Amino acid sequence: MNPVSELIKMPATQIVGLLKAKKVSSMELLNEVEARIQSIDSSINALPTLCFERARAHAEIMDSAKSHKKSQAGVLAGIPVPIKDLTDVAGVKTTFGSAVYTDNISARSDILVEHLERQGGIIYAKSNTPEFGTGGNTYNKVFGMTRNPWNQELSVAGSSGGAAAALATGMAWLAHGSDMGGSLRNPASFCGVTGLRPGIGRVASTPRSDVIDTLATNGPMARNVADLALMLDAMCGHEPLDPLSIPKPETTFLRAASRPALPKSIAYSLTLGITPVDAQVEQVFMRAMEKIADAGTVVEEKSPDFNGLHEIFHTLRAYSYASSLGDLLKHHEPQLNPHVIWNIEAGLKLTLNDVIRAQTRRVELVRRVQKFFHENELLLTPATVVPPYPVLQTHVTECNGEKFDNYYQWLSIAYAFTTALCPAMSLPCGFTEHGLPVGLQIASKAYGEASMLCAAAALEYIFGMNKLVPIHPKPAAMRPNRNL
């Protein structure tokens, strides 16, 4: 087993400091991360598409003396960053995890990528994702499955599974993810890293089929809270071509994360009243609540009313699939994943009254949840309701004897906050008896990311989980005995 180099082990904030001080170059970092990928990714399959030639061309510019002037280095100062394979990078293969796009080379980068590159990010790879981000397990017909580095028999969840696995194994210091129903929070939980779904418009991207989409958004992933805040600083900001995007806040998110503090009291809920939770996850979560209480913060069990959540999310999700992928069903149905087909067909069956009912009920749900956050600064829940499950299993069908109605309902503890327009993040909070990481979900009011990161930094210290990764991929271990 090759030792992990000191540069690979360093947090992103430290790497950026070295870059700005000219004590390390972007080219050196690319050499380090390329060697790491060559050493271990054959067993994990986190970064199936590499673009080091393109990356080195950008690194050469970043490493020039002129580019290291403070005004031109950007927030990221030349640190390498992978992009999820749902997002276009000019001149690089973008498959969306679909056989339809196996040989697709993007002509132009997404606004998000252009923004990151202006902030000093060096794009060197595309991270694996299920087809069109569909499902809670990262596998597709183009590149195959991504395996969990904590136990290679298990799933990394999805859909930002490649990004999470790359972070956990030292193949990335920072990563880009995206999230509709927990797509960056779930992999973060399964892999022992952090992931944050920001408020709508916080991170600009190229509008596609729906210019006012408020379900899906892009967000940062990292190994610890400070790095997560750094990546959010790099990603956020107004872009004229995204009409929903909002300006950067006056105070950076990294500054918020550098001032760890908890409110006097924090609300928590194991289930939000909407889902069963695995016994192992419950045990780790409740132990985390005890640690918070022992640190002097009052923890109170309460949550908003999420009545109607499943119907609302199902309808709006189906509508999104029909509007964005409906034409693909007409022309490429044999090449599509059954879950993708099911989502599109569900959307095409909707009536106008179905959509109106879902939107009306969503307004009511958002009002209830935002009222809750007017009285409670934060709400803590498990990030996922089960620990990592077998990688060959497409999804979770039941939990604690309760069967789910469809293949994604096991993700409802995450999509509850998607539907309510709340930022939410996943933070490692403990391990199961089988040594698998469990994530804590932190949610707050709309655009409350700064207070959330401030609290997350304090919780990271309380849990003592800020140096979990990077790890070497672990061989398959005894499969946990649990009811999935």
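The values are calculated or read from the model by the stated rules, or taken from the named source; none is laboratory data. For clarity, every value in this text was computed on a predicted model and none was experimentally measured. Note that we place each Cβ from the backbone using ideal geometry, even for glycine, and neighbour counts take in every protein chain shown. Each accessible area value is taken on the protein alone, full model and side chains, heavy atoms only, with ligands, DNA and RNA left out. Shrake-Rupley method; radii C 1.70, N 1.55, O 1.52, S 1.80 Å.
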Looking only at the range 278-301, which residues are within 13 Å of T381 (Cβ to Cβ), open to solvent by 10 Å² or more (accessible area, probe 1.4 Å) and either part of a strand (DSSP E or B) or in contact (Cβ under 8 Å) with a residue 60 or more places away in the chain (or both)? E282, V299, E301
Please determine, by comparing only the residues of the range 130-161 that are open to solvent by 20 Å² or more (accessible area, probe 1.4 Å) and aliphatic (A, V, I, L, M), which one is farthest from the chain's Cα centre (by Cα). V142
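Given the structure, is E449 over 20 Å from M289 (Cβ atoms), at pLDDT 95 or above, surrounded by 15 or more Cβ atoms within 10 Å (Cβ to Cβ) and under 21 Å from the mean Cα position of the chain (by Cα)? First the steps, then the outcome.
On the way: over 20 Å from M289 (Cβ atoms): yes; at pLDDT 95 or above: yes; surrounded by 15 or more Cβ atoms within 10 Å (Cβ to Cβ): yes; under 21 Å from the mean Cα position of the chain (by Cα): yes.
Answer is yes for this residue.
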Quick check: is even one residue across the range 97-104 touching a helix residue (DSSP H, G or I) at 6+ places or on another chain (Cβ under 9 Å), at pLDDT 95 or above and under 30 Å from H238 (Cβ atoms)? yes
Test: residue in the range 162-175 that is under 26 Å from M452 (Cβ atoms) and open to solvent by 10 Å² or more (accessible area, probe 1.4 Å): no
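Are any residues in the range 18-63 among the β-branched types (V, I, T) and assigned to a helix (DSSP H, G or I), and if so, which ones?
If the condition is that a residue be among the β-branched types (V, I, T) and assigned to a helix (DSSP H, G or I), then V33, I37, I40, I44, I61 are the ones that fit.
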Determine which member of the set D210, D179 is of a type in the set (D, E) and either over 20 Å from L440 (Cα atoms) or touching a helix residue (DSSP H, G or I) at 6+ places or on another chain (Cβ under 6 Å) (or both). D210
Would you check if there is a residue in the range 240-252 being closer than 21 Å to N376 by Cβ, among the polar types (S, T, N, Q) and surrounded by fewer than 20 Cβ atoms within 10 Å (Cβ to Cβ)? no
Checking the condition farther than 20 Å from P220 by Cα, open to solvent by 20 Å² or more (accessible area, probe 1.4 Å), of a type in the set (S, T, Y) and within 21 Å of the chain's Cα centre (by Cα), which residue from T394, T360 passes? T394
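So, F373, is that one over 27 Å from E300 (Cβ atoms), buried (at least 19 other Cβ atoms within 10 Å of the Cβ) and over 19 Å from the mean Cα position of the chain (by Cα) or not? Lay out the reasoning, then the answer.
On the way: over 27 Å from E300 (Cβ atoms): no; buried (at least 19 other Cβ atoms within 10 Å of the Cβ): yes; over 19 Å from the mean Cα position of the chain (by Cα): yes.
No: the conditions fail for F373.
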Suppose the filter is within 16 Å of G161 (Cα to Cα) and out of contact with any Gly (no Cβ under 8 Å at 6 or more places or on another chain); does T206 pass it? no
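Output the number of residues of the range 389-414 satisfying the condition of being part of a loop (DSSP other than H, G, I, E, B) and under 18 Å from G133 (Cα atoms).
9
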Looking at H310 and the list (1) over 15 Å from I413 (Cα atoms); (2) surrounded by 17 or more Cβ atoms within 10 Å (Cβ to Cβ), which single condition is not satisfied? (1)
When the range 446-478 is checked residue by residue, the ones that are in contact (Cβ under 8 Å) with a residue 40 or more places away in the chain and at positive phi are Y447
Of all strands (runs of 3 or more DSSP E) fully inside the range 161-268, the set with 1 or more residues that are under 29 Å from Y319 (Cα atoms) and of a type in the set (A, V, I, L, M, F, W, C) is 174-179, 194-197, 217-222
Give the residues of the range 71-105 that are open to solvent by 10 Å² or more (accessible area, probe 1.4 Å), touching a Gly at 6+ places or on another chain (Cβ under 9 Å) and under 21 Å from N140 (Cβ atoms), sorted by residue number. L86, F96, I105
Can you tell me which residue within the range 1-29, out of those that are open to solvent by 40 Å² or more (accessible area, probe 1.4 Å) and within 26 Å of M145 (Cα to Cα), is modelled with the highest pLDDT? K9
Checking the condition open to solvent by 10 Å² or more (accessible area, probe 1.4 Å), more than 23 Å from the chain's Cα centre (by Cα) and within 22 Å of A226 (Cβ to Cβ), which residue from E60, E32 passes? E32
Against the condition touching a residue at least 60 places away in the same chain (Cβ under 8 Å) and part of a helix (DSSP H, G or I), how does L329 come out, does it pass? no
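Return yes or no: is T146 touching a Phe, Trp or Tyr at 6+ places or on another chain (Cβ under 9 Å), among the hydroxyl-bearing types (S, T, Y) and over 28 Å from A226 (Cβ atoms)? Even if it seems obvious, please write down each step before you answer.
Numbers: touching a Phe, Trp or Tyr at 6+ places or on another chain (Cβ under 9 Å): yes; among the hydroxyl-bearing types (S, T, Y): yes; over 28 Å from A226 (Cβ atoms): no.
For T146, the condition - touching a Phe, Trp or Tyr at 6+ places or on another chain (Cβ under 9 Å), among the hydroxyl-bearing types (S, T, Y) and over 28 Å from A226 (Cβ atoms) - is not met.
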